[in-house]
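Below is one structure, written out as structure tokens; comments come after it.
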Amino acid sequence: MTRNSPTTRPRLTVIGTGYLGATHAVCMAELGFEVMAVDVDTTKIERLARGETPFYEPGLDELLRRNLAAGRLRFTTSFAEVADFGEVHFLCVGTPQRPDGRGADLRYLHSAVSSLAPHLRRRCLVVGKSTVPVGTAADLAARLAAEAPAGASAEVAWNPEFLREGFAVEDTLRPDRLVIGVASPAAEAKLRAVYEPITGQHGTPLIVTDFATAELVKVAANAFLATKISYINAMSEVCEAVDADVTTLAQALSLDARIGGKFLRPGVGFGGGCLPKDIRAFQARAEELGVGASLGFLRQVDEINLRRRQRVVTLARKAVGGSLAGRRVAVLGAAFKPNSDDVRDSPALAVAELIAAEGADVVVYDPMAMENAARVRPELGYAPSAAEAITGAEVTVLLTEWAEFTELDPAAIAERAATSTVIDARHALDRDRWQRAGWTYLAPGRPVPDLARLPRPRSERLAMATARGVS
């Protein structure tokens with residue numbers, strides 16, 4: 001792997017050790033940099049220093065332990081220490097949705113800058129990676145110039161992240177593009193030196209632009225992806241109205257080179273800590289800038305996305321004869337996507353909660369997100385395996401497309417279910433295989449069989465037979 005030479009390699013710090021910050025710190029150390037990360041959460045810092053990541057991300061634990069052992073990576077709670085250590089400081093704190101509206105909550109970002117600025121006494125570069133409303137970088141540049149002892153020598157740049165949960169290591173070490181918003185040739189040169197191991201070895205395109213364009217790239221990308229997901233889910237609603245098949249429709253659309261197949265997969269919609277809050281913050285900022293009409297369509301994108309959750313509940317209700325009260329429902333999946341333990345704005349957990357609210361006995365299983373799910377939804381039931389969750393269930397609902405679920409043997413688990421009815425909300429299962437194993441297969445946007453003719457649960461069939469005097 002190409003590495004910067006010791007004489008030109010800048011020392012890096014990372015402010016914030018959540019999902020973005022911890023991943024960035026570990027991966028930059030893997031590229032050969034000396035890295036120090038800081039956080040106000042002492043417990044998180046202690047765990048990371050022991051080689052334990054506070055979230056699940058494939059491959060990250062191994063890289064963390066390797067770089068700790070190599071001495072390239074350290075963790076601290078002292079902003080004075082990181083200011084003294086580093087030449088390039090990456091801001092990687094969260095920017096969640098404001099509790100009082102749709103805009104971005106920048107309190108953590110401003111707090112981090114307030115903690116760092118008084119200690120910046122020499123020339124340095126403060127690089128924002130957090131997703132922020134356009135205009136934030138210029139505001140922070142003015143703040144730093146006023147509050148840092150180094151004055152204008154403490155420059156700002158913006159370098160948005162494009163991480164996909166479950167693929168964050170790959171996306172950091174081998175990204176498809178790098179974007180840097182800078183205000184001086186010196187800032188550009190410094191960031192080129194930081195990313196030379198990536199651009200030099202992999203030929204990754206590096207786009208140099210101004211603050212505002214760099215800030216817009218991330219939210220514009222997320223808005224486009226959210227729109228494409230909601231578009232195919234809107235088509236799913238149309239398919240349901242005319243008994244058409246949305247999966248075949250999506251396949252036909254994907255063969256058009258202008259459209260392509262990525263993010264054109266129908267299902268229960270998007271969630272997680274990025275897309276939902278980012279499109280809402282983008283709308284809010286556009287309204288502040290007087291161009292709200294330009295992004296008015298994103299409100300419909302959001303509404304379509306949320307509506308798909310209720311559609312799954314409707315299917316589940318119909319599958320059990322019209323009422324979910326007292327019915328046992330197995331929910332496969334709690335994380336918002338596979339290869340993650342993130343349950344923030346998870347469609348899977350939201351659907352489980354909606355079904356439980358109708359009186360159902362909901363039992364959830366997820367390979368990685370059980371602890372997080374139980375923390376935020378303790379009222380739901382949880383099982384130690386998919387088979388245990390399905391045992392006695394009158395309907396099974398697949399809500400996160402983990403490989404573990406797609407590889408289930410439908411014939412083997414059919415004997416555990418009270419009724420062999422599955423709702424494939426993510427269109428992840430092999431419909432023919434499950435139907436051959438005796439399951440009634442339902443999925444949003446696909447033709448629905450006559451639900452009135454679905455088999456009754458085994459317990460009901462037994463009770464009816466007993467009433468007729470049949471053993």
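The values are calculated or read from the model by the stated rules, or taken from the named source; none is laboratory data. Given the structure is predicted, the values throughout are model-derived calculations rather than measurements. When we count neighbours, we look across all protein chains shown, and the Cβ atoms used for this are built from the backbone with ideal geometry, even at glycine.
Quick notes on this structure:
- Residue check for Thr466: assigned by TED's automatic domain parsing to the domain that holds Ile355, of a type in the set (Val, Ile, Thr) and either surrounded by 13 or more Cβ atoms within 10 Å (Cβ to Cβ) or at pLDDT 95 or above (or both): no
- The set of residues in the range 389-414 being in a loop (DSSP other than H, G, I, E, B) and closer than 18 Å to Ala319 by Cα consists of Thr391, Gly392, Ala393, Glu394, Leu399.
- Scanning the range 237-296 for residues that are touching a residue at least 40 places away in the same chain (Cβ under 8 Å) and among the aromatic types (Phe, Trp, Tyr) yields Phe270, Phe282.
- Among the residues of the range 127-146, those that are in contact (Cβ under 8 Å) with a residue 24 or more places away in the chain and either farther than 11 Å from Leu109 by Cβ or among the polar types (S, T, N, Q) (or both) comprise Val127, Ser130, Thr131, Val134, Gly135, Thr136, Ala138, Ala141, Leu144.
- The residues listed here are Asp61, Asp84; of these, the one that is more than 25 Å from the chain's Cα centre (by Cα), at pLDDT 95 or above and of a type in the set (Asp, Glu) is Asp84.
- Selected residue (only one of Ala350, Ala356 is within 21 Å of Pro444 (Cβ to Cβ), part of a helix (DSSP H, G or I) and touching a Lys or Arg at 6+ places or on another chain (Cβ under 6 Å)): Ala350
- Among residues that are touching a Lys or Arg at 6+ places or on another chain (Cβ under 9 Å) and outside any loop (DSSP other than H, G, I, E, B), Asp84 is included.
- Test: residue in the range 370-388 that is assigned to a loop (DSSP other than H, G, I, E, B), without any contact (Cβ under 8 Å) to a residue 12 or more places away in the chain and more than 16 Å from Ala425 (Cβ to Cβ): yes
- Residue list for the range 17-50, restricted to those being of a type outside the set (A, V, I, L, M, F, W, C), farther than 20 Å from Ser115 by Cβ and in contact with a strand residue (DSSP E or B) (Cβ under 8 Å, 6 or more places away or on another chain): Glu34
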